[in-house]
1. Which numbered condition trips up residue B:67, out of (1) at pLDDT below 85; (2) under 21 Å from residue B:248 (Cβ atoms); (3) surrounded by 15 or more Cβ atoms within 10 Å (Cβ to Cβ); (4) not basic (Lys, Arg)?
2. Of all residues in segment C:241-270, how many are surrounded by fewer than 24 Cβ atoms within 10 Å (Cβ to Cβ) and farther than 11 Å from residue C:50 by Cα?
3. Can you tell me how many residues in segment B:222-253 are more than 24 Å from residue B:136 (Cβ to Cβ) and without any contact (Cβ under 8 Å) to a residue 60 or more places away in the chain?
4. Answer with yes or no whether residue B:174 is more than 8 Å from chain C (Cβ to nearest Cβ) and either at pLDDT 95 or above or under 26 Å from residue B:98 (Cβ atoms) (or both).
5. Take residues that are at pLDDT 85 or above and tell me which of the helices (runs of 4 or more DSSP H) falling wholly in segment A:145-261 contain 3 or more.
6. Any residue that is under 23 Å from residue B:122 (Cα atoms), of a type in the set (A, V, I, L, M, F, W, C), within 12 Å of chain B (Cβ to nearest Cβ) and assigned to a helix (DSSP H, G or I) - is there at least one of those in segment C:185-194?
7. May I ask you to verify whether residue C:262 is without any contact (Cβ under 8 Å) to a residue 40 or more places away in the chain and β-branched (Val, Ile, Thr)?
8. Which residue is nearest to residue C:229 (Cα to Cα), if the candidates are limited to segment C:32-76 and must be of a type in the set (Ser, Thr, Tyr) and surrounded by 21 or more Cβ atoms within 10 Å (Cβ to Cβ)?
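The values are calculated or read from the model by the stated rules, or taken from the named source; none is laboratory data. Given the structure is predicted, the values throughout are model-derived calculations rather than measurements. Cβ: placed from backbone, ideal geometry, glycine included. Neighbour counts: every protein chain shown.
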Amino acid sequence: MSPDLAFLVEVVVGGLLSGVMYALVAIGFVLIYKTSGVLNFAQGAMVLFAALTFVSLVERGLPFPAALAATLAVMVVVGLTIERTVLRPLVNQPPITLFMATLGVAYVIEGAAQLAWGTQVHALDLGIDDTPFDVAGVLVSRFDLFAAALAGLMVAGLTLFFRFTRTGLAFRAVADDPLAALNAGLRLPRIWSAVWIASGLVALVAGLLWGARLGVQFSLSLVVLKALPVLVLGGFDSIAGAIVAGLIVGAAEKLAEVYLGPFIGGGIEGWIAYVAALAFLLVKPSGLFGLRSVERV
Amino acid sequence: MSGLPHRAAPFGRPAPSRPLVPDAAAPRRRARASQDRILTVEGLSLGFGGAVAFAGIDLAVAAGEIHAIIGPNGAGKSSLINAISGLYAPQAGRVRIGEASFARVPAGRLAALGVARTFQNLALFKSLNVVENILSGLAGARRAGLAAHVLGLPAARREAAEHRTRAEAVIDLLQLGAFRARAAGSLPYGLQKRVELARALVAKPRLLLLDEPMAGMSAAEKAEMSGFILAARETFGTAIVLIEHDIGVVMRLSDTITVLDHGRRIATGTPTEIQANPAVIAAYLGADDEEDETEGEVKAA
Amino acid sequence: MATALPLDLARPRRTGAAGILLLLALAYGLVPLLGTGYLFEAILTPFLALALAGLGLNLLTGYAGLLSLGSAAFMAVGAYAAFNLSLRLPGLPLPATILLAGLVAAAVGAVAGLPALRLRGFYLAVSTLAVQFFVAWALNRIGWLSNDSPSGIVAAPRLEVAGLSFDDARGRYLFSLTVVAVLTFLAWRLVRSPTGRNLVAIRDHETAARIVGVKVARTKLLAFALSSFIVGIAGVLWAFAYLRTVEPAGFNLDRSFQILFIVIIGGLGTLRGAFLGAGFIVVLPLVLSRLGAAALGDGFDSGTLEMVQRIVLGALIVAVLIREPAGLAALLDRALNHALRRVRPRS
C-alpha cells in the first residue's frame, strides 16, 4: 500500500469510527421521533447529564460498577420525568411546540447538571488504552474500536428488544401507524415511557464514550449538533439510517477536513456535514432509506 | 377496458342533449347555453407502488354540468379528483381543462385555469377567519403587488375592495354572514364544509371539483348543501364534478353520473340510466366488504 | 401553532389603535423624560433590538410556519453589512445604510430559504442551523468583513442622522424606538395584506394554498427574505445601538434560540407577541439576579446565577407551552377582554 493510500484509508477509518459515535447520539433521537414525532433537542443535554453524573460519582469514590448502576437509575428517572411532566401534557400539540418544549428541557437539564456537579472539566477514564495499533499499515485507535463495538452491542440489544418483547413490538406498531396502534388497544403512554427510558440509556452510553473522548464538560451537550446532519441524512425515523448516515457523515467530515480544509480554511467541520447532508437531501428528498409518502388529501 | 357491460353512451361523443329526468324531486336543470367541454379525461391511470388506484378512466364534463362520480369505497374516486387537480401524478393518460391538455396538471396553475376544488378531509386555513378564508380563494386573482398593499396604494385598495365585495357576495349566497369573523377552525364541521365551498366559489371557477362535500352530514344539512351547490351552479354557471356517497343526493343533483369500481369506470349515464344499470347494481350489492351505509343507500334510491 | 389567531378581528379596532397610540406616547414622551441611563442601556435598547428580531422571526415561523434556528446569523449579516457599508461608503446616510444592510440580509435569507422549496419541518430547521454555522465560520474566516481586525471585533460607527447625534444612551434608545416603530408598522400592514394571508395559508394547509393559487415557492422565499430583512436590521440595532461593537460572538446559536424563545413565549403568529416575549427575556435575568441576591446574599455568584437562569428559563418555556401554547399574547388578550368587559359590560 502506498503511503498516500494508507493515509487515505487511515482518514476514512478514523472518520467511520467517529461516525459510530455520531450514530450513537442520533439513535437516541430516532427512538423518540419514531414514537411521538418529537425532535428531542434535550438528547444532548441528557448525554451531558449522564456523563457528568457518572464522573462526579466516580470522583466521589464510588466504584465503577456502582457509579454505572446509579447513573443508570438516574437516567431512567430523568427520562420518565421528562415524559410524564413535559411531553404527556403536550400530547396532540404541533411538532414545533414539542420541539420547543424539549429545548426548554435541555436548558433545565444543562443548568441543573452544572449547578449540581459544577462547571469544571472532568477527565473520564474508562480504563481503555487509547494507543493506536497497526492493522496492515493503517493506524487504528483502540478506543475508537471499543466505542464502535459498544455501539454495535447496544444497537443489537435494542434490535432484540424491539423484535422480541411485547413493548418492543408495540413500539414498532406505534411507529408504523400511531392511530391504528391506538385503535388496536396498545397503551401509548407505556410505550412512550419505554422509549424515554431507552433514550436515557443511549444517552448514558454516548455520554461515557464522548466524555472519555472530549472530557466531561458543557460542550458535551453540543454533540446534539453533530447528530443533526446524521438525522437529516438518515431520516429522523430510521435506526438503520442513523447508523449508516453516522458512518457516512463521520468519514465525509474527516475527508473534507483533511483534503478540503487546506483550501478553504480550517474549522469547516462545524458546517460541512450539514451542507453535505442537505445537498444529498435536495437530490433525494426521501433521504437514505425513507419512502416517499403520498400525501392524503 | 373491462369486460363489464356498458349501458352508458360510448365515451367520446359530446354530452348528448337528453330529456329531463321526469323526477319531481329533481331541481330545474339549466338548459345549457353551450356544449363546451370544460374537462376531458382520457385513459387516465394511476397506481401507488404496485397498487392500482384507477386505470384507463375516461370522463367528459360540459360547461355548467353537474357530473357525479360514485362507487364503493376504494373505487378510486378521490384519487381521480386528486389526479385531475394535479396533486397526484398519473402514469398514463391526459387531462384536458378547457383548451389546455396535460399529462400532469400543474396544481399551482389550477386557479388560473379556472378550476377550484374542495377536499374530502377539510382543508381550510384553520386560524384564518371565515372572510379571510374566502378571500384567500382569490389568491390566484391578485394583481397588485406586496409593496402596493403594504403602502396602501390606490390599485391595491381598489383590488382589496373588489375582492371584499366578491367575498361578501359568496357569503350571502351561502348564508355565512353570521360567522364572518369566526376562525374557520372553531366552526362546526358542517359550516367548515360550507366555508370551503365558499372559498372555492369566490373565484367563479369554470370547473369545481367537490370531494364528498356532504360526508358526515345530517339529512337536513345535506339538503341545505345540495341547495347551495345548485345555487352555485345557477349563479356562476360552474361545471361541477361531485363525489358523493349518498345515492339519493346524487340522483337529485346530477346531470350525469359516472360509476367507478375497483379503479375502473363501469358506467356513465343519466341518473335514470345508472339506476337501471345491472353492472352498477352488481358492483354495489356485490361489494359486501363495503360500508353498510352505501348499500342501504343504493337500495333506498 | 394552529391555536394562535394571527389576525385578531375580534377585538375592536379602535381600542387597539388607541392602545398603540398610548404606548407610543409613553415611549416617546414620558420614558425619555423619566428614564435613567441604565434603563435605556441595559433594558430598553436591547429589548427593542430583540423585539424586532422576534418580530422578523415571527413572520417566518409564526405566520408562515417555517421553523428557523438561524436568526442570529441573519442578525450578524445585517450588522456586518451595515458596518462594511458605513466603512466603505462613508458618505452614505445612516438610514440608507440600515436599509441596504436589511436588503443584504434579505438576499442572504432568500438564498438560505431555498431548501424550504424541497424540505419541511425539522429538516428545514436543520438547514437553517447550517446557515447559522456557515455564517459564523465565514465571519471568522474572512477578515475583510471585519476590516481585518485581528480579534474580529470592530467598533460600530456613531449614530448620526442629518447632523443629529443619537450617541448618548437616550439617543440610542430613541433611534432604536423609531426604527422598531416604523418596521412594526410595515410588518402590521404586511400581515394584514393578501401576502400575510398567504403566509398563514401556507402554514395551515400548503396543498390547499397551492390549489387556490398561492405561489407557494415564491411566497416561502419571500417569507425568508422579509423575515431576514427585519432580523438583519435588528442585528444592526443590536450592534450599533446596544453593544456599539460588531463581533461574531454575540450572534451565536444561543442568540438564535433566544429569539425563538421570544417568539414562542410571546405568541406565535402575533406581532405583539414579539414585544411581550422580548420584554420577558430581557427582564427575567434582572429579576432573577435581584431575587437571588436578596435570598442568598453574597453566596450568589454569577456562575450560579447563570445556571439558575438557565433552569428557570427552560422551566418557564415548558410551563408556558403547557399552560398557554398561544403564548403571552393570548394571556394578555384574555386579560384585556376581561378588563374591557368590566368597563363596558354591554359591548
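1. Answer for residue B:67: the failing condition is (1).
2. Number satisfying all stated conditions: 11.
3. Here the count works out to 7.
4. So residue B:174 fits the description; yes.
5. A:188-214, A:223-234, A:239-255
6. Checking segment C:185-194: not a single residue is under 23 Å from residue B:122 (Cα atoms), of a type in the set (A, V, I, L, M, F, W, C), within 12 Å of chain B (Cβ to nearest Cβ) and assigned to a helix (DSSP H, G or I).
7. So residue C:262 does not fit the description; no.
8. C:71
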